[in-house]
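For reference, the structure discussed in these notes is given below.
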Amino acid sequence: MPTLELHGFAVSAPSRAVHMSLNLLDLEYSFINVNILEGATRTPEYLSLNPQHTVPVLVDGDLTITESRAAMTYLVSQHKPSQLYPACAKKRSQIDQRLFFNIGTFYKRMGDCVFPVCFGKTSTIDDEKKEALKEALMWFNQMTMGGYVLGNSMTIADVDFLATMSTLEACNFLDLTPYKCAKIWSQNMKKQIPNYAECCGKGAAAFGEWFNSSYKK
C-alpha cells in the first residue's frame, strides 16, 4: 500500500498539478476522487482532513498538506530531490517566484474570468477581466522564451503552469495565437508529463465543457 494519497478532483487545476507531479516523479500513490460539485469536500471526514474544504489534499503518512504548490515542492524535496526543485536557496527563490506568480496572477486572473461563468453567476466575461488575463499571458509568454518558465530546463513550476494553461486552452474564450512561446511550451510539456491525458488532459477538457455550457461569446 502506497503511503501517498492524493485527494483531488480532475476538473480542478491545482489537483491536476499535484497529480502530474506524482507521475513525473514516478511515485506510488493512491488517488481518491473528491467531487466538489456534489459536496464531497463538506463531509465530516473530508473536513477533518481540510477544514478549508478545498482540493487537493496530499497525505503522506501522518502529514497532511492542503495547498497544491506546497504539496508539489514537498514531493520533490522529500521523495525525489532534483533540479525540479533544487536545494540551492537562490534557485528555489526563482522557482518560488514563478509559483507565486501563477497562484497570485496567472491562475487568479484566469479564475476571475471563468469561475463566475462556471458557477452560473454570469454568462459573459468583462473586457476588463480579459485584458488583465492577456497582460498575465504576455508576461508568461516572455517567461517561456527559453523553453521553460524558468530558463532552459524543467522545474516544478512548469508543471504548475501547465495545469493553468491546459484549463485556459480548453475554455477557448481567448485567442492564444499571439503567445507563440507559451503555445510551443505547452505542446512540449504535454509530451514530457507521463500519462498526461489521464492526469491532466481529460480533466482540463471536462473543465472546458463545464465552462462552455454556460458561456456566451
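The values are calculated or read from the model by the stated rules, or taken from the named source; none is laboratory data. The structure displayed is predicted, hence computed values, not measured ones. We place every Cβ from the backbone using ideal geometry, glycine too, and count neighbours over all the protein chains shown. What goes into the accessible areas is simple: the full protein's heavy atoms, side chains included, and nothing from ligands, DNA or RNA. Shrake-Rupley method; radii C 1.70, N 1.55, O 1.52, S 1.80 Å.
Selection of region 139-153 for residues being aliphatic (A, V, I, L, M) and assigned to a loop (DSSP other than H, G, I, E, B) yields 149, 150.
Regarding residue 147, is this residue open to solvent by less than 50 Å² (accessible area, probe 1.4 Å), on the phi > 0 side of the Ramachandran plot and at pLDDT 95 or above? So residue 147 passes the test. Please determine whether any residue of region 63-76 is surrounded by fewer than 18 Cβ atoms within 10 Å (Cβ to Cβ), farther than 28 Å from residue 152 by Cα, among the hydrophobic types (A, V, I, L, M, F, W, C) and at pLDDT 95 or above. Yes, because at least one residue in region 63-76 is surrounded by fewer than 18 Cβ atoms within 10 Å (Cβ to Cβ), farther than 28 Å from residue 152 by Cα, among the hydrophobic types (A, V, I, L, M, F, W, C) and at pLDDT 95 or above.
Only one entry of 113, 199 meets the criterion of being open to solvent by less than 30 Å² (accessible area, probe 1.4 Å), over 29 Å from residue 74 (Cα atoms) and in a helix (DSSP H, G or I), and that entry is 113. Of everything listed in (1) part of a helix (DSSP H, G or I); (2) over 24 Å from residue 158 (Cβ atoms), the single unmet condition for residue 121 is (1).
Before we move on, is residue 186 closer than 30 Å to residue 37 by Cα, in contact with an Asp or Glu (Cβ under 9 Å, 6 or more places away or on another chain) and either part of a helix (DSSP H, G or I) or open to solvent by 10 Å² or more (accessible area, probe 1.4 Å) (or both)? So residue 186 fits the description; yes.
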